[in-house]
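Please read the structure below before turning to the comments.
The values are calculated or read from the model by the stated rules, or taken from the named source; none is laboratory data. On a predicted model such as this, the values are computed, not experimentally measured, just so you know. Here the Cβ positions follow ideal geometry from the backbone for every residue, glycine too, while neighbour counts run over all protein chains shown.
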């Protein structure tokens, strides 16, 4: 698996132009890894949910119908990365360089999680693993 990170920026705002930093991330899988994703239906698996997303979902689960709808909508606006979104390419807009660094770290963590999923999926062949503590 490989991860491509493209960094760019744009100016936004009508009166005062502010810089918006953009990260476009996309993973490239080997044929074997693509086969595992299809075989085990892993594409929809969330491999990263930002802290903001988790907080919105927690609020949604603890409130009434309106809170639930609002929490789900706010969660969707936060950073959520699935295996499919990473394969298809995912753009992330950031307001600061600190946010860029956090987003890049989150994507790298998501790739590590995805690699673990694929490693586990690959080992369902009857092989015995001995874990020593």
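Specify the residue that is modelled with the highest pLDDT; the eligible residues are those in the range 34-47 that are surrounded by 12 or more Cβ atoms within 10 Å (Cβ to Cβ) and outside any helix (DSSP H, G or I). Going through the qualifying residues, I end up with 43. Checking the range 121-133 against the condition returns no match, with no residue being modelled with pLDDT under 85, over 21 Å from residue 31 (Cβ atoms) and part of a helix (DSSP H, G or I).
Just checking, how many residues over the range 85-101 are over 12 Å from the mean Cα position of the chain (by Cα) and surrounded by fewer than 18 Cβ atoms within 10 Å (Cβ to Cβ)?
Narrowing the range 85-101 to residues over 12 Å from the mean Cα position of the chain (by Cα): 93-101.
The next check asks that each one be surrounded by fewer than 18 Cβ atoms within 10 Å (Cβ to Cβ); those that pass are 93, 95-99, 101.
Matching residues across the range 85-101 total 7.
Taking (1) modelled with pLDDT of 80 or more; (2) surrounded by 15 or more Cβ atoms within 10 Å (Cβ to Cβ) in turn, residue 31 satisfies each apart from (2).
When the range 1-16 is examined, which residues are found to be part of a loop (DSSP other than H, G, I, E, B) and surrounded by 10 or more Cβ atoms within 10 Å (Cβ to Cβ)? Let's see the steps before the verdict.
Going residue by residue through the range 1-16, those that are part of a loop (DSSP other than H, G, I, E, B) are 1, 13-16.
Residue satisfying the conditions is 1 alone.
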